[in-house]
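Chemist: Can you read through this structure? Questions will come right after.
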Amino acid sequence: MNLTLRQLRAFAAVAETGSFTAAAQQLHLTQSALSVLVRELEREIGVKLLDRHTRRVQLSEAGREFLPSVHRLLGDLTSAVAGVTDLRDKKKGVLRLAAPQLMACTLMPRVIALYREAYPDVDVRLADTLPEHLLAGVAAGDVELAVGQDVAVDGAIERRTLLRDRHWLICPPDHAFARRRKVRWHELGPYTFIAPTRDFRQRVLPELGPAERDYMLRPGTQEVSYMTTALGMVASGLGLTVCPTYSASLVRAHGLQMVRLESPDFHREVCIYSAARAPCRRLRRALSKCSNASPGRSRKVDAKHRNAARGV
């Protein structure tokens, strides 16, 4: 027996509408093509499924018995296809993410909460990792997606830029800079600078002028591996540091303030990394909603972050 889905759909449509004309319109077929499909189905199973009358088509006894099985079969097939499509689009199943520790404790929890609200059947699992290990999980297949600041990739990893995120000066609330709307890099000279990551100076030096580069390279500059360490040192009055916009909640938790740092402005790209073409469109939307530093935003956004960091 060689039944086809087109035959079963044709029979179900005729049974539901009671008319070859209406069923043909519903399936976008000609009436003759529809009739051929039904006759082929009847020939394959060896029974007459429909009683054809001048004005009306009715189910035969065999047709009435056969129709529920056809509905069940077509329904199961539709559910199966939808399930596979949902897995492809990550509407259900497990989505494994990786992010550096700072992003994992500030931006990503909000992103996951927003994503889970929209797609409750997706089990999102977050792995916090060192920045230098961010792409290893993607390459090994341990995670589908990684979210982090811009790093070089090879042909096995796909990188998609999500946004450019400004870095802000971080200082204690009683510091002279805390009352300022903005600070320029050359004004940092009298203070100890705490580089928040091991690669920060390497990243920022090409964008600085000669005097600011000398400041960053002087022996008194501190260099740590984790932003939380830098924030703790600033809170204890040991110097100043910088941090991205998305870490504002952590800055507030340390009782510190964010001040716009410019001349030059320093931004880092936040990117989504995946192997091949993992689905990330919906995650990107969630990130965009949670992030406050997407490109092209007005100056009001900078004021919003500054006020938020100050608890206004």
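The values are calculated or read from the model by the stated rules, or taken from the named source; none is laboratory data. The shown structure was predicted, so the numbers you read here are calculated from the model rather than taken from an experiment. Every residue, glycine as well, gets a Cβ built from its backbone with ideal geometry; the counts of neighbours run over all protein chains shown. Only protein heavy atoms, including side chains, enter the accessible area calculation; ligands, DNA and RNA are left aside. Shrake-Rupley method; radii C 1.70, N 1.55, O 1.52, S 1.80 Å.
Chemist: Can you give the extra length, in nm with one decimal, that the chain gains between Asp142 and Leu5 once fully stretched, where that is 0.36 nm per residue apart less the Cα-Cα distance?
Modeler: Taking 0.36 nm per residue and subtracting the Cα distance, the gain is 45.5 nm.
Chemist: Same structure again: Expected output is a single nm value to one decimal: the length gained when fully extending between Gln31 and Arg213, i.e. 0.36 nm times separation in residues minus the C-alpha distance. What is it?
Modeler: 57.6 nm
Chemist: Please state the equivalent ellipsoid semi-axes for region 220-275: what are the square roots of 5 times the Cα gyration tensor eigenvalues, largest first, in whole Å?
Modeler: Taking √(5λ) for each eigenvalue gives 22, 15, 13 Å, largest first.
Chemist: Follow-up question, since we're still on this one. Which ³J(HN,Hα) values, rounded to whole Hz and listed in residue order, are derived for region 136-150 from phi using the Karplus coefficients 6.51, -1.76 and 1.60 in 6.51 cos²θ - 1.76 cosθ + 1.60 with θ = phi - 60°, glycine and proline given as x?
Modeler: Along region 136-150, the couplings run 5, x, 5, 5, 7, x, 6, 9, 7, 9, 10, 10, x, 6, 5 Hz.
Chemist: When you count, for each residue, the other Cβ atoms within 10 Å and take the mean per peptide, how do 254-265, 209-220 rank with the highest first?
Modeler: The packing order, highest mean first, is 254-265, 209-220.
Chemist: What length, rounded to one decimal in nm, is gained on full extension from Glu44 through to Lys182, with 0.36 nm per residue of separation minus their alpha-carbon distance?
Modeler: 41.6 nm
Chemist: What residues from region 187-204 fall in the zone where the backbone N is under 20 Å from a label point 7 Å along the Cα-to-C-beta line of His133?
Modeler: Under cut-off, by backbone N: 197-200.
Chemist: On average, how much accessible surface per residue is there in region 133-179, in Å², for a 1.4 Å probe, leaving out ligands, DNA and RNA?
Modeler: 44
Chemist: May I pose another question? Which one of Thr221, Ala195, Trp185 has its Cα pushed farthest toward the positive end of the charge dipole of region 157-228, where Lys and Arg give +1 and Asp and Glu give -1 at the Cβ?
Modeler: Trp185
Chemist: Give me the accessible area of Val143, 1.4 Å probe, in Å² rounded to the nearest 10.
Modeler: Probe radius 1.4 Å; accessible area of Val143 about 20 Å².
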